[in-house]
1. Which residue pairs have Cβ atoms under 8 Å apart, sit 6 or more places apart or on different chains, and have a first residue in the stretch 232-246 that is on the phi < 0 side of the Ramachandran plot and at pLDDT below 90 and a second that is hydrophobic (A, V, I, L, M, F, W, C) and surrounded by 12 or more Cβ atoms within 10 Å (Cβ to Cβ)?
2. Can you tell me which of (1) within 20 Å of Ile112 (Cα to Cα); (2) in contact (Cβ under 8 Å) with a residue 12 or more places away in the chain is the one Ala188 doesn't meet?
3. Go through (1) out of contact with any Lys or Arg (no Cβ under 7 Å at 6 or more places or on another chain); (2) surrounded by 18 or more Cβ atoms within 10 Å (Cβ to Cβ) for Ser53 and report which single condition fails.
4. Taking Arg191 as the residue in question, decide whether it is of a type in the set (Lys, Arg), touching a helix residue (DSSP H, G or I) at 6+ places or on another chain (Cβ under 8 Å) and either under 16 Å from Gln81 (Cβ atoms) or exposed (fewer than 13 other Cβ atoms within 10 Å of the Cβ) (or both).
5. In this structure, does Pro211 turn out to be free of Cβ contacts under 8 Å to residues at least 24 places away in the same chain and assigned to a helix (DSSP H, G or I)?
6. Applying the selection to the stretch 8-18, what residues are surrounded by fewer than 19 Cβ atoms within 10 Å (Cβ to Cβ) and not charged (D, E, K, R)?
7. Looking at (1) touching a helix residue (DSSP H, G or I) at 6+ places or on another chain (Cβ under 7 Å); (2) more than 23 Å from Pro211 (Cβ to Cβ), can you tell me which one Thr59 breaks?
8. Among the residues of the stretch 77-87, are any at pLDDT 95 or above and hydroxyl-bearing (Ser, Thr, Tyr)?
Amino acid sequence: MITVDLPSSEALAAATSAFTFALVGIGMLIIGSAVAAAIWARSLNGWALGGVSFVLSQTAQVVTLFLFGPLIAAFTSAPLQEASRAIILSTAARGVRDERPTAAFGFGHGAIDLLTSSLIPTLSAVIILAGIRDGSIFVGLDAEVTDRVHTVAIFLASQTLLTGALLVAQSALMLGFHALLTMMVLRAVVRGGGARTVGLGLLLPIAIHMPVAVVRTLFPMATLPVLLGALLVALLAYRRGQRAMAEAVAGQ
């Protein structure tokens, strides 16, 4: 029997619509990134290898989380992701060198990121809301767990369609962010010079990615403005690097 005051049925229905909208939008972005890779880059190979690079980084992230806890794991997310990008781009993805395949690689990395960090949690929210609305989620729960579910219900019910739209927009920006970071990492890999030189070349993409990774983990509600700032910095840094390379080639 439910012994807590739940949000109104209208609020729960509105929240369900918001999360369903976000779920569909994020799902379309993930599928769209694969379609774009297949059409624009004419191959899903780069997209798939980008996904592998994210899985590789997350495997190391799980170990870090287990050994050192969530705070240290938040600060190691960016270095691990950029290092995994460099490892895959210098080994299995040696054929990924042109702009389009590189962007496809970044989309693949970002797509699997969205799958684990946004799509699955959003789907979970939709399922939880359904259980709250029909009361089935409370069956067999003790008082302590019921109170926790009540807290979750209040939080979820406070979300609106604007929340869902912002989450979709953030997800789209994240795909572009990963594409830019991949291009910057590829530049360091192609430049070569040994592991130390490549590592130094990764410092800039790590520095740009770090605030987003930390805020996204520890303060997720503040992710969008931080992501916008980091995306702008990444774009400026990438264009500056392009100009520097063009000037170097022209001077030879």
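The values are calculated or read from the model by the stated rules, or taken from the named source; none is laboratory data. Owing to the predicted nature of the structure, the values given are computational and were not obtained by experimental measurement. So basically every Cβ, Gly included, is an ideal-geometry build from the backbone, and we count neighbours across all protein chains shown.
1. Once the first residue is on the phi < 0 side of the Ramachandran plot and at pLDDT below 90 and sits in the stretch 232-246, its partners that are hydrophobic (A, V, I, L, M, F, W, C) and surrounded by 12 or more Cβ atoms within 10 Å (Cβ to Cβ) give Gly241/Met184.
2. Failing condition for Ala188: (1).
3. Every condition holds for Ser53 apart from (1).
4. Details: of a type in the set (Lys, Arg): yes; touching a helix residue (DSSP H, G or I) at 6+ places or on another chain (Cβ under 8 Å): yes; either under 16 Å from Gln81 (Cβ atoms) or exposed (fewer than 13 other Cβ atoms within 10 Å of the Cβ) (or both): yes.
So Arg191 passes the test.
5. Numbers: free of Cβ contacts under 8 Å to residues at least 24 places away in the same chain: yes; assigned to a helix (DSSP H, G or I): yes.
Criteria met by Pro211.
6. The first filter runs over the stretch 8-18 and keeps only residues surrounded by fewer than 19 Cβ atoms within 10 Å (Cβ to Cβ), leaving 8-14, 17.
Once the filter is applied, which keeps residues that are surrounded by fewer than 19 Cβ atoms within 10 Å (Cβ to Cβ) and not charged (D, E, K, R), the stretch 8-18 yields Ser8, Ser9, Ala11, Leu12, Ala13, Ala14, Ser17.
7. Thr59 satisfies all of (1) touching a helix residue (DSSP H, G or I) at 6+ places or on another chain (Cβ under 7 Å); (2) more than 23 Å from Pro211 (Cβ to Cβ) except (1).
8. Kept after step one, since they are at pLDDT 95 or above, are these residues of the stretch 77-87: 77-87.
From what is left, the residues that are hydroxyl-bearing (Ser, Thr, Tyr) are 77, 84.
Within the stretch 77-87 (the criterion being at pLDDT 95 or above and hydroxyl-bearing (Ser, Thr, Tyr)), the answer is yes, since at least one residue qualifies.
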